[in-house]
Amino acid sequence: MGDPAVDAERHRAISPLFHADKIRRPLLVVQGANDPRVLQVESDELVEKVRANNVPVEYVVFPDEGHGFQRRANRITAQESYLAFLNRYVRKAD
């Protein structure tokens with residue numbers, strides 16, 4: 001990603017957090033609480049800002065995961081969350 005001191009403008013331009021006011025569609029965020037790359041506090045902030053716009057946000061946090069989900073039960077829960085979200089917001093009525 002580069003050096004934040006040098007690339008701050010670029011990071012701000014591509015960060016979803018700084019464009020949360022433009023998110024108008026339902027959002028699913030799946031987060032590992034121990035993720036060293038995408039900190040939970042960053043996801044918390046994004047979820048809070050999008051919800052402030054009255055946009056539906058589903059937020060799933062795995063307290064025992066990092067970046068990527070290693071535990072089988074968590075992978076299953078994440079996949080079930082993806083399917084439920086897509087069925088709720090994307091699936092066309094039969």
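The values are calculated or read from the model by the stated rules, or taken from the named source; none is laboratory data. Computed from a predicted model, the values in this text were never measured in an experiment. Reconstructed Cβ throughout: ideal geometry from the backbone, glycine too, with neighbour counts over all protein chains shown. Calculation scope for accessible area: heavy atoms of the full protein, side chains included, ligands and nucleic acids excluded. Shrake-Rupley method; radii C 1.70, N 1.55, O 1.52, S 1.80 Å.
For Asn54, are the conditions met, namely being at pLDDT 95 or above and farther than 22 Å from Phe85 by Cα? Taking the combined requirement at face value, the residue does not satisfy it.
Condition check ((1) within 22 Å of Pro16 (Cβ to Cβ); (2) under 12 Å from the mean Cα position of the chain (by Cα)) across all residues:
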{"residue": "Leu39", "(1), (2)": "yes, yes"}
{"residue": "Glu45", "(1), (2)": "yes, yes"}
{"residue": "Val60", "(1), (2)": "yes, yes"}
{"residue": "Asp64", "(1), (2)": "no, no"}
{"residue": "Arg75", "(1), (2)": "no, no"}
{"residue": "Ser81", "(1), (2)": "yes, no"}
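Name every residue in segment 20-36 that is free of Cβ contacts under 8 Å to residues at least 40 places away in the same chain and of a type in the set (A, V, I, L, M, F, W, C), in order of residue number. Once the filter is applied, which keeps residues that are free of Cβ contacts under 8 Å to residues at least 40 places away in the same chain and of a type in the set (A, V, I, L, M, F, W, C), segment 20-36 yields Ala20, Ile23, Leu27, Val29, Ala33. Determine if segment 33-50 includes at least one residue that is farther than 23 Å from Val90 by Cα, part of a helix (DSSP H, G or I) and touching a helix residue (DSSP H, G or I) at 6+ places or on another chain (Cβ under 7 Å). Yes.
Each row is one residue, and each column tells you yes or no for (1) open to solvent by 80 Å² or more (accessible area, probe 1.4 Å); (2) touching a residue at least 24 places away in the same chain (Cβ under 8 Å).
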{"site": "Asp7", "(1), (2)": "no, no"}
{"site": "Phe18", "(1), (2)": "yes, no"}
{"site": "Val38", "(1), (2)": "no, yes"}
{"site": "Val55", "(1), (2)": "no, yes"}
{"site": "Val61", "(1), (2)": "no, yes"}
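Residues of segment 1-26 that are more than 28 Å from Phe62 (Cβ to Cβ) and in a loop (DSSP other than H, G, I, E, B): Gly2, Asp3, Ala5, Val6, Asp7.
Just one of (1) buried (at least 16 other Cβ atoms within 10 Å of the Cβ); (2) assigned to a helix (DSSP H, G or I) fails for Val29. It is (2).
Of everything in segment 64-75, what is more than 15 Å from Glu42 (Cα to Cα) and exposed (fewer than 15 other Cβ atoms within 10 Å of the Cβ)? Give them in sequence order. Across segment 64-75, the qualifying residues are Asp64, Gly68, Gln70, Arg71, Arg72, Ala73, Arg75. Hey, does segment 23-36 have a residue that's farther than 16 Å from Phe69 by Cα and in contact with a Leu (Cβ under 7 Å, 6 or more places away or on another chain)? Checked against the condition, which is being farther than 16 Å from Phe69 by Cα and in contact with a Leu (Cβ under 7 Å, 6 or more places away or on another chain), segment 23-36 yields no hits at all. Of all residue pairs spaced 6 or more apart or on separate chains, those with beta-carbon atoms under 8 Å, a first member in segment 70-94 that is over 15 Å from Pro26 (Cβ atoms) and part of a helix (DSSP H, G or I) and a second member that is among the charged types (D, E, K, R) and at pLDDT 95 or above are Asn74/Asp64; Asn74/Glu65.
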